[in-house]
1. Tally time: how many residues in the range 65-108 are out of contact with any helix residue (DSSP H, G or I) (no Cβ under 8 Å at 6 or more places or on another chain) and assigned to a loop (DSSP other than H, G, I, E, B)?
2. Starting from residues that are assigned to a helix (DSSP H, G or I) and of a type outside the set (Val, Ile, Thr), keep the ones in the range 20-36 and report whichever is nearest to THR106 (Cα to Cα).
3. Being without any contact (Cβ under 8 Å) to a residue 40 or more places away in the chain and either within 30 Å of ASP148 (Cβ to Cβ) or polar (S, T, N, Q) (or both): is that true of GLY101 here?
4. Of the residues THR111, THR137, THR106, THR164, only one is within 13 Å of the chain's Cα centre (by Cα), buried (at least 17 other Cβ atoms within 10 Å of the Cβ), farther than 25 Å from THR24 by Cβ and of a type in the set (Val, Ile, Thr); which?
5. Among the residues of the range 37-50, is there at least one that is part of a helix (DSSP H, G or I), among the charged types (D, E, K, R) and within 24 Å of TYR117 (Cβ to Cβ)?
Amino acid sequence: MTKSAAKPDAKHKLLDAALSVIRTKGYSATTVDELCAAAGVTKGAFFHHFKSKDELGVAAAGHWSEITGALFAAAPYHDLADPLDRVLGYVAFRKALLKGGVPDFTCLVGTMVQETYETAPAIRAACDLSISSHAATLEADIEAAMRDRNMSPTWTAKSLALHTQAVLQGAFILAKAKGGAEVAADSVDHLTRYLELLFSSAKTNRPS
């Protein structure tokens, strides 16, 4: 058993704390002292691993991508035969994650980039990488669904994959404004209907 598996080190504790505290309070309102308290480490330990809160913010975006990447890679929608079903299954999986309080299901990088896109370029870039890389995991299935249905649209699989993230991030904003997951779930349902309609009129090559 590795050291990290047996007992998280101070750096890992701080990154885990960042995921929770920043989603609850926002990036700007989160202090180094609060992160240290939530992680159960000293301020000296913080500055041993990170030169500044912004440096931690960049690392937290990468940590978020690792955790969520593993979650989505293991999700059951990947086992579906039809690529469109896999895309719709992804959206259904996102809806199933809308549980608990607003900080429990909203996106760390979406939260951070809204506050830092002009003031912290390194964090903005890290958040862009996280969101865009996650969107890219949908592109192959979207492209396969397009091929199956002989589609040659003016839009691309990449643009549609990014659009799914635009809807989801907007849903999180509405959940924050309304104080609960119901409005976000409604937005995800609308996304499902949009995707179904987008592909419904196209001819499929799949055998019946």
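1. So the count comes out to 4.
2. At the first step, the residues of the range 20-36 found to be assigned to a helix (DSSP H, G or I) are 20-25, 32-36.
Filter once more, so that each one left must be of a type outside the set (Val, Ile, Thr): 20, 23, 25, 33-36.
Values: SER20: 10, ARG23: 7, LYS25: 12, ASP33: 23, GLU34: 20, LEU35: 19, CYS36: 22 Å.
Out of the qualifying residues, it is ARG23.
3. Numbers: without any contact (Cβ under 8 Å) to a residue 40 or more places away in the chain: yes; either within 30 Å of ASP148 (Cβ to Cβ) or polar (S, T, N, Q) (or both): no.
Answer is no for this residue.
4. On the way: THR111 fails: farther than 25 Å from THR24 by Cβ; THR137 fails: buried (at least 17 other Cβ atoms within 10 Å of the Cβ); THR106 fails: farther than 25 Å from THR24 by Cβ.
Going through THR111, THR137, THR106, THR164 in turn, the sole match is THR164.
5. We begin by selecting, within the range 37-50, every residue part of a helix (DSSP H, G or I); these are 37-39, 43-49.
Filter again for among the charged types (D, E, K, R), leaving 43.
Going one step further and asking which of them are within 24 Å of TYR117 (Cβ to Cβ), we end up with none.
No: the range 37-50 contains no residue that is part of a helix (DSSP H, G or I), among the charged types (D, E, K, R) and within 24 Å of TYR117 (Cβ to Cβ).
Here, each number is a calculation from the coordinates, and none is a lab measurement. Predicted model, so just to flag it, every value in this text is computed and none were measured. Virtual Cβ from ideal backbone geometry, glycine too; neighbours counted across all protein chains shown.
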